[in-house]
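The values are calculated or read from the model by the stated rules, or taken from the named source; none is laboratory data. From a predicted model like this one, the values you see are computed outputs, not experimental measurements. A quick note on method: Cβ atoms are made from the backbone with ideal geometry, for glycine too, and the neighbour counts reach across all protein chains shown. To get the accessible areas, we keep the full protein, side chains included, count just its heavy atoms, and leave off ligands, DNA and RNA. Shrake-Rupley method; radii C 1.70, N 1.55, O 1.52, S 1.80 Å.
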Amino acid sequence: MIISRTRKELEIALNKLSEIPGKLALIPTMGNLHQGHLSLLTIAKKKAYKTISTIFVNPLQFGKNDDFEKYPRTHEDDIKKLNDEGCDLLFLPLNNKEVFSSIDNIKTIKSGTLGLELCGKIRPGHFDGVLTVVNRLFEIIKPDIAVFGAKDYQQEILIRQMAKSLYPNLELIKAPIIRADNGVALSSRNNYLSEPELEIATNLYKCLYKSSISYKENIDLKVIIDEAKKYLNSYNLSPDYFELRDENLNKINVNGYDGKKAFLGSVNINKTRLIDNIEF
Ligand code: AMP
């Protein structure tokens, strides 16, 4: 695997790769890689001949009370994992300048009203930060394909909407959520949790799953959501939101919606916020 630490190195590596025919797939990450991230690479390798992963803890998507400073940075391990999985190129920028050139003159991409809902309500500006960096990576790398995880349901929809207008030829792939044996969705933030807290975290997935079954059984949606919040609170999981949304992120308030939809939940365990969803 080639590792590029600067834009110049990246340019040279991309030029070299462009001599090989076939599509290039991008997997953007913030590092601290687990099987969830690596599953994106596996999917990318089936769809494209060449793969590039990026590891960049994007400051623009962290608010001032977020965990930017303490976000786990495990470059040595990550490089080994990507190499073992057969990634062709890794862009691991040395600093912010290697991504944004001038931090004072960034082309900001706005996430609109949908970016202010759900996670955006709790983390103002978060999705503008996500779209801004993803747009920048698309600009620099010019991939044919990009893979994002269904774990970040709202993020995937916002990126899809942005790409539809700015990168109409780019193919986006949504990768399924990878879970631990106990059902907890893999996440770098799980590292902040103790064993007993991880055990409590299993109740988020249990609750999402139970709610999806209840909806299919036509139990009143209001009752499902009230019960879900009560259930989560009973485990001290204090939910920020628990909602049913369609695949364009419109809120569903009624029973009997037969299109693709997902229950989305965000909970807090002490100071760690976890998100998960179940699509059905
Ligand atoms: P992150 O490093 O958290 O920014 O995640 C990078 C990419 O990996 C995003 O597209 C995430 O949605 C995806 N991802 C993170 N966790 C999982 C998981 N458990 N299963 C599938 N994809 C995931």
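Annotations for the structure displayed:
- Eligible aspartates and glutamates near LYS23 by straight Cα distance, threshold 15 Å, same-chain separation 8 or greater: ASP88, ASP144, GLU171
- The solvent-accessible area of TYR257, taken with every protein chain present and a 1.4 Å probe, is close to 80 Å².
- Compared with the dominant Cα axis of the chain, that is its longest principal axis, helix 75-84 is turned about 80°.
- 1.4 Å probe accessible area per residue over the chain, in Å²: 50
- Positive contributions from Lys and Arg (+1) and negative ones from Asp and Glu (-1), summed over other residues with Cβ under 13 Å from the Cβ of GLU197, come out at +1.
- Packing-based ranking, highest mean first, of 57-64, 185-192, 219-226 given that Cβ atoms within 10 Å are counted: 185-192, 57-64, 219-226
- Only lysine pairs 8 or more places apart, or on different chains, with alpha-carbon atoms under 23 angstrom apart are counted in the stretch 67-172, and they number 19.
- Under 14 Å, Cβ to Cβ, from ILE225 - net charge with Lys/Arg +1 and Asp/Glu -1: +2
- Taking the C-alpha atoms only, the angle from helix 126-141 to the longest principal axis of the chain is near 30 degrees.
- The charge dipole of the chain, taken about its Cα centre with unit charges on the Cβ of Lys, Arg, Asp and Glu (plus for the first two, minus for the last two), comes to roughly 460 debye.
- When +1 charges are put on Lys and Arg Cβ atoms and -1 charges on Asp and Glu Cβ atoms, the dipole computed for the stretch 55-118 relative to its Cα centre reaches about 300 debye.
- Tensor-based shape of the stretch 1-155 (alpha-carbon gyration tensor, a/c under 1.5 rounded, otherwise prolate or oblate): prolate
- Farthest towards the positive end of the charge dipole of the chain, among the residues TYR71, TYR257, ASN32, is the Cα of TYR257, using unit charges on the Cβ of Lys, Arg, Asp and Glu.
- Rounded, prolate or oblate (a/c below 1.5 giving rounded, otherwise prolate when a/b exceeds b/c) for the stretch 151-238 by Cα gyration tensor: oblate
- Carbon plus sulfur fraction of accessible area for the chain, probe 1.4 Å, in percent: 50
- Over the chain: helical MRE at 222 nm, DSSP H runs n ≥ 4 each giving -39500 (n - 2.57), nearest 500: -12000 deg cm²/dmol
- Between ASN253, ASN203, ASN83, the Gaussian network model of the chain with springs among Cα atoms under 10 angstrom shows the greatest mean-square fluctuation at ASN253.
- Positive-end ranking of ASN268, PHE100, PHE148 along the dipole of the chain, with charges on Cβ about the Cα centre, is headed by PHE100.
- Debye-sum result for the chain in log10 I(q)/I(0), which assumes one identical scatterer on each alpha carbon, at q = 0.10, 0.12, 0.17 Å⁻¹: -0.54, -0.78, -1.48
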